[in-house]
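J.: This is the structure I have questions about; it appears just below.
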Amino acid sequence: IAQSGNARADKIANSLSLVAMSMEISLLRPATQSLLPSFSKPNRRVHFYKPLRLRCSVADPNAPRFVLWNGKLRPVPSKPTDLPFFDLMSIGGKIRAGLGAIGLRPPPPGREESVEEFVRRNLGDEVFERLIEPFCSGVYAGDPSKLSMKAAFGKVWKLEQNGGSIIGGTFKAIQERKNAPKAERDPRLPKPKGQTVGSFRKGLTMLPEAISARLGSKVKLSWKLSGITKLDGGGYSLTYETPDGVVTVQSKSVVMTVPSHVASSLLRPLSESAANALSKLYYPPVAAVSISYPKEAIRTECLIDGELKGFGQLHPRTQGVETLGTIYSSSLFPNRAPPGRILLLNFIGGSTNTGILSKSEGELVEAVDRDLRKMLIKPNSTDPLKLGVRVWPQAIPQFLVGHFDILDTAKSSLTLREGPLVLAV
C-alpha cells in the first residue's frame with residue numbers, strides 16, 4: 001500500500017467493504033431458533049402478524065457481534081467504515097481478502113467445493129478461520145470442511161459464478177436489481193435498515209399458540225402420522241395415531257415438512273430410492289443452555305458504557321472452547337432478566353462435538369460456564385443460575401457436498417412414481 005499510494009489502499013478498502021456487503025454475515029443466527037424477519041427499529045414492539053394480534057419485540061440491528069480470538073472477544077465489522085480498523089484480522093489478511101474478492105485468486109477447481117475450500121481460495125485463510133468457520137459453527141453447528149458452499153451459501157457462490165469474482169458478481173447483482181421491476185411490498189411491514197431478530201413478550205412459543213388459537217379445530221394437535229399408502233384411484237391414505245385412537249384420512253396430495261429422517265421412514269413403503277436418499281442427510285446434536293449471572297460477573301473489558309451490550313459472540317473451534325456461541329438475550333430484548341442479572345443463551349455440540357449426547361444437564365452447564373469464564377465472565381464469579389437445558393439429538397440438517405444430488409434423487413423418485421407428494425426442502 002505504501003508503495004502504490006492512497007489510490008490502491010482505497011481500492012482494497014472498497015473491495016473489503018463489498019466483500020462484507022456481499023457475504024451478508026449476520027453472525028449468531030442459530031438455525032435451532034425460529035427467527036423472525038428483519039426489522040429496523042431497535043427495541044420497539046412491532047405489530048407482527050396482525051390477524052394474530054401479536055406484538056414483536058425486535059433487537060437493535062446495530063448491536064455489536066463478537067468473535068473470540070486469542071483469548072479476547074473482538075468486534076466484527078458492522079459497516080464498511082469499520083473494515084480498515086477492526087482487529088479481528090491482520091492487515092495482510094485484509095489485503096488478501098480484498099485482492100481475492102476482485103478476482104486475484106486461484107480459479108474454481110471445476111467441482112463442487114466445500115465452504116472451507118471456497119473461502120480459503122477466494123478470501124484467504126484469515127477470513128475463513130476468524131469469520132466463516134465460527135459462523136458455520138454458530139449457525140449450522142457444522143463442519144465447513146464438509147459443508148457445500150453451493151448449498152449452504154448459495155447467494156455468495158452465485159456471485160463468483162455470475163461475475164467471475166465475488167466483487168464482479170456483486171456489481172452485476174446490484175445492476176440487475178436496479179433494472180428489475182420492484183415487487184410490491186405490503187405497506188403494513190416495517191422497512192428494515194439492517195438484519196436483526198425478533199421475539200415475543202413470553203418467547204417464540206407465543207406464535208404457534210396464537211396460530212393454534214385462531215385456526216381452532218382446523219389444525220390437529222398430537223396427531224402422529226404413522227403410515228402413507230398410495231390409493232389405486234389416485235391420492236393417498238394417511239394413518240394417524242391420535243389421542244382418540246387411530247384415524248385414517250384420504251387426501252389427493254401430501255406436503256411433508258418433517259425432518260428428512262422422519263420422512264425417510266414414512267416414505268420407504270412408497271419409494272425405496274427416495275427413502276434411501278433422505279436417510280443420508282445428517283443432523284448433528286445441539287444443546288441450548290440458558291443460564292443467568294449477576295451483572296457484576298461480567299468482565300470489565302466486556303462492558304460498553306457499564307452494560308453488557310451486543311448481539312452475542314461466536315467461538316472458532318481452534319480457540320479451545322466447546323461452546324459454539326452465546327446470545328446476550330437480556331441485552332437484545334426487554335424484561336428477559338430481573339434487575340441486576342443477565343440472561344445468556346448458549347449453544348454447544350454440533351458436527352465436531354457429538355459427545356454432548358453422553359453428558360448430563362449439569363455437565364453441559366459446567367462446560368458452558370467453564371468456557372465463558374475464559375473470556376466473558378470473571379473467573380471468581382458465583383456459579384450461574386440454570387434456567388433451562390434443551391438437547392436436540394438431531395438438530396440441524398447439514399448441507400454437505402453432494403446435498404443437491406441427494407435432494408434431486410429424492411424428489412425425482414417421488415415425482416416419477418408417486419404423483420402429487422411434495423417435500424418442503
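The values are calculated or read from the model by the stated rules, or taken from the named source; none is laboratory data. This structure is a prediction, so every number in the text was calculated from the model and none was measured. Every residue, glycine among them, receives a Cβ derived from its backbone with ideal geometry; neighbour counts consider all protein chains shown. Heads up: the accessible areas ignore ligands, DNA and RNA and are worked out on the full protein's heavy atoms, side chains in. Shrake-Rupley method; radii C 1.70, N 1.55, O 1.52, S 1.80 Å.
J.: For a test of the definition: using alpha carbon positions, the gyration tensor, and the 1.5 limit on a/c, classify region 341-424 as rounded, prolate or oblate. Mind showing how you got there, number by number?
T.: Values: a/c = 3.69, a/b = 3.19, b/c = 1.16.
The shape class here is prolate.
J.: Looking only at S265, S329, S292, which one moves most when the chain is put into a Gaussian network model with springs between Cα atoms under 10 Å?
T.: Of the options given, S265 has the highest mean-square fluctuation.
J.: I'd like the distance separating the alpha-carbon centroids of region 270-338 and region 350-422, in whole Å.
T.: Their Cα centres are 11 Å away from one another.
J.: Let me ask something else. What's the longest bit of the chain with no exposed GluC sites (Glu not before Pro), using DSSP loop states and at most 15 other Cβ atoms within 10 Å as the test?
T.: The longest uninterrupted stretch comes out as 185-425.
J.: Would you please classify the overall shape of region 115-268 from the alpha carbon gyration tensor, given that a ≥ b ≥ c denote the square roots of the eigenvalues, rounded means a/c under 1.5, and beyond that prolate means a/b larger than b/c while oblate covers the rest?
T.: prolate
J.: While we're here: Ordering Y293, Y140 from largest to smallest accessible area (1.4 angstrom probe), what's the sequence?
T.: Y140, Y293
J.: What's log10 of I(q)/I(0) for region 240-384 at q = 0.10, 0.11, 0.17, 0.18 Å⁻¹, Debye sum over Cα points only, no solvent?
T.: Computed log10 I(q)/I(0) values: -0.54, -0.61, -0.94, -1.01.
J.: Using a 10 angstrom cutoff on alpha carbons, build the Gaussian network for the chain and name the most mobile of P106, P379, P61.
T.: Maximum fluctuation in the GNM of the chain, among the listed residues, is at P106.
J.: Please list, in order along region 163-171, the HN-Hα scalar couplings obtained from phi with the Karplus expression 6.51 cos²θ - 1.76 cosθ + 1.60 (θ = phi - 60°), rounded to whole Hz, x for Gly and Pro.
T.: x, x, 7, 4, 5, x, x, 5, 4
J.: In Å², what does the accessible area per residue of the chain work out to with a 1.4 Å probe?
T.: Dividing the accessible area of the chain by its residue count gives 52 Å².
J.: How much length is gained on full extension from F86 to D125, taking 0.36 nm per residue of separation minus their Cα-Cα distance? It would help to have the intermediate numbers written out before the result.
T.: Working: separation 39, 0.36 × 39 = 14.04 nm, distance 1.68 nm.
Separation in residues times 0.36 nm, less the Cα-Cα distance, equals 12.4 nm.
J.: Per DSSP helix of 4 or more residues, -39500 (n - 2.57); summed, then divided by the residues of the chain. What does that give at 222 nm, rounded to the nearest 500?
T.: Estimated from H runs of four or more residues: -9000 deg cm²/dmol.
J.: Just to verify a number: FRET efficiency for R55 and W392, C-beta to C-beta distance, R0 = 41 Å, to 0.05?
T.: Values: r = 28 Å, r/R0 = 0.69.
Efficiency, rounded to the nearest 0.05: 0.90.
J.: Ok, one more. Evaluate the distance, in nm, between pseudo-label points positioned 7 Å from the Cα of S226 and of K309 along their respective Cα→Cβ axes.
T.: Rounded to a tenth, the inter-label distance reads 5.7 nm.
J.: Which entries of K309/K374; K220/K252; K150/K230; K202/K309; K94/K178 have Cα-Cα distances beyond 24 Å here?
T.: Pairs exceeding the cut-off: K150/K230; K94/K178.
J.: Right, here's the next one. Just want to confirm a number: the relative contact order over region 329-415, from Cα pairs under 8 angstrom separated by 6+ residues, in percent.
T.: 17 percent
J.: Once you have the Cα-Cα distance between R185 and N380, take 0.36 nm times their residue separation minus that, and quote the gain in nm to one decimal.
T.: The span from R185 to N380 would gain 65.0 nm if fully extended.
J.: Zone of T242 (label point 7 Å along Cα→Cβ, backbone N under 16 Å): which residues in region 259-278?
T.: none
J.: If you don't mind, there's one more thing I want to ask. What is the distance, in nm, between label points placed 7 Å from the Cα along the Cα-to-Cβ direction at E176 and at S265?
T.: Distance between label points: 4.1 nm.
J.: Follow-up. Please work out which option in (i) 277; (ii) 204; (iii) 185 gives volume of the Cα convex hull per residue in Å³ calculated from these coordinates, and answer with its label.
T.: Checking each listed value against the structure points to (iii).
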